[in-house]
Amino acid sequence: MTHPKFFTNAKLAISETYQGTDFQFLDFGKDTFQDDGSTASTAVLIDNHLYVANVGDSRTIISKAGKAIGLSEDHKPNRSDERKRIENVSSNVLRLWQSNVEAVCRCRT
């Protein structure tokens, strides 16, 4: 990561890097409808601090004594709070179906 504040303010650096990547992606496809997207999970250990971030329906877990512990929440539009967040920024949610099974939920800003 090349963010100038990565080692002094990792939380800010990770957040701004995620946002910057999102803006670049949206700018890249602004002239055409693109139904693709991405998910990402990041885990960074600096000294004794673990910083975890995710976007989309990616999930970050850690194992302790053989048990999985969730460190993130999926950003899926079928969650009521996530659907409201999407709709509050004037976006919409499309449901894509494959063989009568909901395959992908897609949201666009």
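Please verify whether T109 is modelled with pLDDT under 75 and surrounded by fewer than 12 Cβ atoms within 10 Å (Cβ to Cβ), treating the condition exactly as stated.
On the way: modelled with pLDDT under 75: yes; surrounded by fewer than 12 Cβ atoms within 10 Å (Cβ to Cβ): yes.
Here the answer is yes, as T109 does meet what is asked.
Pairs only if they're at least six apart or on different chains, beta carbon under 6 angstrom, first in segment 40-68 and farther than 14 Å from K11 by Cβ and assigned by TED's automatic domain parsing to the domain that holds F6, second in a loop (DSSP other than H, G, I, E, B) and not hydroxyl-bearing (S, T, Y); list them, first residue then second.
As it stands, the answer is G56/H75; D57/D74; D57/K76; R59/D74; T60/L71; I62/L71, since those pairs meet every condition given.
Taking into account only those residues within segment 5-58 that are among the basic types (K, R) and surrounded by 11 or more Cβ atoms within 10 Å (Cβ to Cβ), which is farthest from I86 (Cα to Cα)?
It comes out as K5.
In the set S41, S15, S72, S58, which member is at pLDDT 80 or above, under 16 Å from the mean Cα position of the chain (by Cα), in a strand (DSSP E or B) and not hydrophobic (A, V, I, L, M, F, W, C)? Walk me through it before giving the result.
Details: S15 fails: in a strand (DSSP E or B); S72 fails: in a strand (DSSP E or B); S58 fails: in a strand (DSSP E or B).
The match here is S41.
The values are calculated or read from the model by the stated rules, or taken from the named source; none is laboratory data. This structure is a prediction, so every number in the text was calculated from the model and none was measured. Quick reminder, even Gly has a Cβ in these numbers, built from the backbone with ideal geometry, and neighbours come from all protein chains shown.
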